[in-house]
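Please read the structure below before turning to the comments.
The values are calculated or read from the model by the stated rules, or taken from the named source; none is laboratory data. Computed from a predicted model, the values in this text were never measured in an experiment. Heads up, the Cβs are rebuilt from the backbone with ideal geometry, glycines too, and the neighbour counts pull from every protein chain shown.
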Amino acid sequence: MSDLLFDPIRINNLTLDNRIYLPAMHLGMALEFEVTDQIVDFYARRAQGKPGMICVGYATVDELSGNTQNIGAHDDRFIPGLTRLATAIRENGSLSAVQLNHAGRYNFSFFLDGKQPVAPSAVPSRMTRETPKAMETDEIKATIASFAAAAARVKEAGFDAVEILSGTGYLISEFLSPLTNQRTDEYGGSLENRMRFGLEVAGAVRDAVGPDFPLIVRMNGNDFMPGGNDRQDLIEYAKALSGGPADALCINVGWHEARVPQIVAQVPRGAFGYLARDIRAAVDVPVIASHRINDPETARDMLKQGYCDMVAMGRSLIADPDLPVKSKEGREKEIVHCIACAQGCFDNLFKLKHVECLCNPLAGHEHKGAALKADVPKKILVAGGGCGGMTAALTARRRGHDVTLYERSGRLGGQLHLAAAPPGREEFAQFAADLENQLSAEKIPVVLNREVDQELLEDRKPDVVILATGARPLEPPIPGMDMPHVAGAWEVLENKVSTGRKVAVVGGGAVGVETALFLAEKGTMPAETLKFLLVNKAETPEALFDMATRGSKKICLIEMTDKIGKDIGKSTKWGMMQDMGRFGVESMTAGKVVRITEAGLEIEQDGNIVDMAADTVVVAAGSAPYNPLESMVKEMGIDYRVVGDADRIAMAFDAVHAGYQAGLEI
């Protein structure tokens, strides 16, 4: 039986070898709009994995449409760079497209040398906190012409297709939505009028590239904006596009301002496929589903169920560029999955840094060249099987070293399993499994339940030791810490202890928030039961929502500083804070626990002592490096490296990258 994921598909007159589409992603790698070696090498590496098509971008259409870190398509001077990029993708085995976009009110005047961003109407942007300039009719016509001219450059540069971004809250979305389009002329008012700008852009692009050049439109299936376009509005827009200029539709979800999570781990795999399904039922062109499709089985299932004709796998191919070829060759167990942590991709963009990846330390650094084989192979002992230790072992082994990994516990993964415990964070356990599978594929010996000591070092005689022994939880000097109703957050997340109905969580950092949400989920109605009650109309939707979000425990999170979750990445923090509210987790900031009592806690806040009743006190006061071997190794005269939390407390992203660097340096 053929694999539907690798069946060819046609878009216009172009035949794609398979159904995997790498969608455009902002990488932050362009320099003054120019294509850089970093961009070329990033996409060349993805092309080696053989997805059916790679879409790069987005690319700008005029000087107000983006910033200097975007790929430029708004001037002929960018054509040579675009040509170099198209050639690199083609020569490495994939077809290519460029996505064109105008940010509209989502642009910042900071990026425009103080110029005011433009939009259909002067409606302030909650994201930028700026008010755009309402476009005049002649400016609208000029922008349409700019899209067409940019598309012509894309074709001239040698790309195989062009895509228009018509979603996500950018300019075309802004014309489509009644929230941002308050015009009274032919571009505003009715849905027909609000669609006009997007349809005229697509029509102008079609005229510019000719009838045989594939034109894809990436559009929303739902804006997830109260008072904005709903699914039915967007189905009508899809029908208008497919009945005219568009050869395929790539279905996106939400605006950047939307309060529905779209990219993080709490979004189930393939969750938004239903939006593509509804549009596919209404149009007669290929439809591409998007968002959180991070494994071939999910992709196949969506294709088999008729949700879509292709699947967009973006961050999945950042995490593992070889995902398509591994899948085709029956090596799916070797795939390193995107875990939707957002630590290296979206969080980096907020810092104006280029895209990297927690799961793939090479991502964004392809231009620096592949790791070279070591001149002299060495015997390396890795102490610790967390993500830092496993990455160090893999990197060293791939460079030709003889590597053995020792883990004192009975399983690999370390704190990844703690990170995976809260609801919606299960993908961290997937990463632990992926790294373990990589160790097996590289035939790296792993010894579990064995702590590294002097006897082992003397017996093994390693040339280099990599110390990746992790961290230990901190125990703050609070009177009453030894009471029987006090537990550590790690113990709770590992289900090693029971907790009472009223729980106080001391410490409002990432671990404290995760622990509070983990406990708040206890006693909520499981998904299967909720579906049964919903289908049989046994309870109202309001009652079901309450059952899904109200558990059996009352949780209060106490933080001594003025903010909860300071160490949580921006991409995930807002969703976690939203969940704390939904699940009824109370919080107290600027509260210092001065004593734990039999009845609960004494907390100092604003100079006053507050008594808080609690059946269980959970301490999430942070962690400290656990590095008991360094002095021993140093005394024995063995070369060594310290990676991950054993060196300094940081995020999983930092541990993986430190492990990779250690493996490179030996």
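When the residues of region 302-315 are filtered to those that are part of a helix (DSSP H, G or I) and touching a residue at least 40 places away in the same chain (Cβ under 8 Å), which remaining residue is surrounded by the fewest Cβ atoms within 10 Å (Cβ to Cβ)?
Per the criteria, the residue is 304.
Might you let me know whether region 352-361 holds any residue that is among the aliphatic types (A, V, I, L, M) and over 25 Å from residue 420 (Cβ atoms)?
Here is the first cut: in region 352-361, the ones among the aliphatic types (A, V, I, L, M) are 352, 355, 358.
Still in the list and also over 25 Å from residue 420 (Cβ atoms): 352.
Yes; the residues of region 352-361 include at least one that is among the aliphatic types (A, V, I, L, M) and over 25 Å from residue 420 (Cβ atoms).
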Quick check: anything in region 70-93 touching a residue at least 60 places away in the same chain (Cβ under 8 Å) and either closer than 26 Å to residue 178 by Cα or not assigned by TED's automatic domain parsing to the domain that holds residue 213 (or both)?
no
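Here are some residues: 130, 163. Which one is assigned by TED's automatic domain parsing to the domain that holds residue 13, in a strand (DSSP E or B) and of a type in the set (Asp, Glu)?
On the way: 130 fails: in a strand (DSSP E or B).
Testing whether each residue is assigned by TED's automatic domain parsing to the domain that holds residue 13, in a strand (DSSP E or B) and of a type in the set (Asp, Glu) leaves just 163.
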Output the residue which, of all residues in region 68-118 that are under 17 Å from residue 256 (Cα atoms) and polar (S, T, N, Q), is surrounded by the most Cβ atoms within 10 Å (Cβ to Cβ).
101
Residue among 229, 181 that alone is touching a residue at least 12 places away in the same chain (Cβ under 8 Å), part of a loop (DSSP other than H, G, I, E, B) and either under 18 Å from residue 251 (Cα atoms) or of a type outside the set (S, T, N, Q) (or both)
229
Can you list the helices (runs of 4 or more DSSP H) lying wholly within region 348-467 that have 3 or more residues being surrounded by fewer than 18 Cβ atoms within 10 Å (Cβ to Cβ)?
427-441, 454-460
Checking residue 318 against (1) in a helix (DSSP H, G or I); (2) β-branched (Val, Ile, Thr); (3) modelled with pLDDT under 95, which single condition isn't satisfied?
(3)
Answer with yes or no whether residue 618 is part of a strand (DSSP E or B) and either among the small types (Gly, Ala, Ser) or at pLDDT 95 or above (or both).
yes
Just checking, does region 578-596 include any residue being farther than 30 Å from residue 483 by Cα, surrounded by 18 or more Cβ atoms within 10 Å (Cβ to Cβ) and not polar (S, T, N, Q)?
yes
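How about region 319-337: which of its residues are hydrophobic (A, V, I, L, M, F, W, C) and buried (at least 24 other Cβ atoms within 10 Å of the Cβ)?
Going residue by residue through region 319-337, those that are hydrophobic (A, V, I, L, M, F, W, C) are 319, 323, 325, 335-336.
Listed by number, the residues that qualify are 319, 323.
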Taking region 37-81 and the residues there that are among the basic types (Lys, Arg) and assigned to a helix (DSSP H, G or I), the one that is nearest to residue 152 (Cα to Cα) would be 77
Being part of a loop (DSSP other than H, G, I, E, B) and free of Cβ contacts under 8 Å to residues at least 24 places away in the same chain is the filter here, so list the residues in region 108-124 that pass it.
113, 114, 116, 122, 124
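Filter region 1-18 for residues that are assigned to a loop (DSSP other than H, G, I, E, B) and not polar (S, T, N, Q); which is surrounded by the fewest Cβ atoms within 10 Å (Cβ to Cβ)? Step through it out loud before you land on a result.
Here is the first cut: in region 1-18, the residues assigned to a loop (DSSP other than H, G, I, E, B) are 1-3, 7-8, 12-13, 17-18.
Filter again for not polar (S, T, N, Q), leaving 1, 3, 7-8, 17.
Numbers: 1: 3, 3: 14, 7: 14, 8: 10, 17: 18.
Within region 1-18, the match that is surrounded by the fewest Cβ atoms within 10 Å (Cβ to Cβ) is 1.
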Every residue from region 542-584 that is in a helix (DSSP H, G or I) and under 30 Å from residue 594 (Cβ atoms):
573, 576, 577, 579, 580, 581
Which numbered condition in (1) assigned to a helix (DSSP H, G or I); (2) modelled with pLDDT of 95 or more; (3) under 30 Å from residue 478 (Cβ atoms); (4) not polar (S, T, N, Q) is the only one that residue 533 fails?
(3)
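Being among the charged types (D, E, K, R), assigned to a loop (DSSP other than H, G, I, E, B) and either buried (at least 24 other Cβ atoms within 10 Å of the Cβ) or out of contact with any helix residue (DSSP H, G or I) (no Cβ under 8 Å at 6 or more places or on another chain) (or both) is the filter here; which residues of region 234-271 pass it? Reasoning before the result, please.
Initially, region 234-271 is screened for residues among the charged types (D, E, K, R), giving 236, 239, 247, 257, 259, 269.
Checking the rest, the ones that are also assigned to a loop (DSSP other than H, G, I, E, B) come to 247, 257, 259, 269.
247, 257, listed by residue number.
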Here the residues within region 207-226 that are surrounded by fewer than 21 Cβ atoms within 10 Å (Cβ to Cβ) and either touching a residue at least 60 places away in the same chain (Cβ under 8 Å) or not hydrophobic (A, V, I, L, M, F, W, C) (or both) are 207, 208, 210, 211, 212, 226
Would you check which residues across region 208-257 are in contact with a strand residue (DSSP E or B) (Cβ under 9 Å, 6 or more places away or on another chain) and polar (S, T, N, Q) and list them?
220, 229, 242, 252
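Give 84, 105 a once-over and let me know the one that is over 21 Å from residue 352 (Cβ atoms) and in a helix (DSSP H, G or I).
Details: 105 fails: over 21 Å from residue 352 (Cβ atoms).
When all the criteria are applied, what remains is 84.
Out of region 422-474, which residues are within 24 Å of the chain's Cα centre (by Cα) and either free of Cβ contacts under 8 Å to residues at least 40 places away in the same chain or not assigned by TED's automatic domain parsing to the domain that holds residue 400 (or both)?
Of the residues in region 422-474, the ones within 24 Å of the chain's Cα centre (by Cα) are 422-438.
Those that are within 24 Å of the chain's Cα centre (by Cα) and either free of Cβ contacts under 8 Å to residues at least 40 places away in the same chain or not assigned by TED's automatic domain parsing to the domain that holds residue 400 (or both): 429, 433.
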I need the full set of residues from region 585-611 which are part of a strand (DSSP E or B), under 27 Å from residue 472 (Cβ atoms) and in contact (Cβ under 8 Å) with a residue 24 or more places away in the chain, in order please.
587, 588, 592, 593, 594, 595, 596, 600, 601, 603
For region 208-219, does any single residue satisfy the condition of being of a type outside the set (A, V, I, L, M, F, W, C) and within 14 Å of residue 290 (Cα to Cα)?
yes
Could you tell me which numbered condition residue 660 fails, if it satisfies all but one of (1) in the same structural domain as residue 463 (by TED's automatic domain parsing); (2) over 31 Å from the mean Cα position of the chain (by Cα)?
(2)
When region 641-653 is checked residue by residue, the ones that are buried (at least 19 other Cβ atoms within 10 Å of the Cβ) and on the phi < 0 side of the Ramachandran plot are 641, 642, 643, 645, 646, 647, 651, 652, 653
Just checking, which of 240, 289, 319, 276 is over 25 Å from the mean Cα position of the chain (by Cα) and among the aliphatic types (A, V, I, L, M)?
240
